[in-house]
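Note sheet for the following structure.
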Amino acid sequence: MFQESKVFINFATKDLARARAFYTEIGCTINEHFSDANAISVVLNEHIYLMILVEDFFKTFIKTEIADAKTTTEALVALSLPSKEAVDELFAKVLAAGGSEVREARDLGFMYSHDFTDPDGHIFEPFWMDPKAASGEMAVN
């Protein structure tokens with residue numbers, strides 16, 4: 001059912017210009033066709049997009065309060081990357097662009113990650129997993 005689906009993760013921001021600068025600095029593309037004064041469409045790849053919405057616009061889609069991602073965990077967005085080096089490279093870009101470390105890098109042998117937050121506090125977990133572990137060919141403890 002979902003094989004051809006695209007994923008759109010929607011987040012609220014207090015500062016759209018800052019969000020645009022952050023995601024651009026870490027190497028993401030902004031799809032201007034779906035961006036305006038209320039939102040930016042951040043392209044992670046051909047199937048995954050972040051929709052970063054100013055708070056007032058975000059509120060038009062919900063009936064509850066917006067979580068303050070700096071004080072409340074709303075979600076953990078885990079993104080697989082092709083290597084440990086790619087995780088470290090992204091993490092370095094994140095820090096240079098104004099993101100923050102959530103915890104020190106974790107190396108479990110079969111999996112490596114280094115979690116960060118964007119300037120609004122949204123948590124991302126970029127990780128690499130050994131292809132053998134991902135396919136079930138390797139025992140994971």
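The values are calculated or read from the model by the stated rules, or taken from the named source; none is laboratory data. Since the model is a prediction, treat every value here as computed from it, not as a measurement. In this analysis, Cβ positions are derived from the backbone assuming ideal geometry, glycine residues included, and neighbour counts consider all displayed protein chains. Note: accessible area is taken over every heavy atom of the protein model, side chains too, but ligands, DNA and RNA are not part of it. Shrake-Rupley method; radii C 1.70, N 1.55, O 1.52, S 1.80 Å.
On a 0 to 90 degree scale, rounded to 10, what angle separates helix 84-96 from the longest Cα axis of the chain? Helix 84-96 sits roughly 30 degrees off the main axis of the chain.
Given the choices (i) 10.9; (ii) 9.5; (iii) 10.0, mean projected area of the Cα convex hull in nm² derived from the coordinates of this structure is entry (iii).
Looking at this model, which pairs from K70/K132; K6/K84; K14/K63; K14/K84; K14/K93 are more than 27 angstrom apart at the alpha-carbon?
Working: K70/K132 36 Å; K6/K84 25 Å; K14/K63 19 Å; K14/K84 32 Å; K14/K93 21 Å.
Beyond 27 Å: K70/K132; K14/K84.
Across the chain, the mean sequence separation of Cα contacts (distance under 8 Å, 6 or more residues apart), normalised by length, yields a relative contact order of 21 percent.
Paramagnetic label reach from D107 (point 7 Å along Cα→Cβ; backbone nitrogen cut-off under 14 Å): within the stretch 49-91, residues 84-89. Each of A97, T71, F110 was scored by the projection of its Cα onto the charge dipole of the chain, and the greatest displacement toward the positive side belongs to T71; charges sit on the C-beta of Lys, Arg, Asp and Glu. Summed over the residues of the stretch 35-141 and divided among them, the accessible surface reaches 58 Å² per residue at a probe radius of 1.4 Å. Between helix 16-25 and the chain there is an angle of about 30 degrees, using the helix long axis and the longest principal axis of the Cα atoms. Length gained on full extension, T24 to A92: 23.1 nm, using 0.36 nm per residue less the C-alpha separation. In a fully extended conformation the segment linking D36 and I66 would gain 8.7 nm over its present Cα-Cα distance, using 0.36 nm per residue. For the chain, carbon and sulfur atoms together expose 54% of the accessible surface, with a 1.4 angstrom probe and every protein chain in place.
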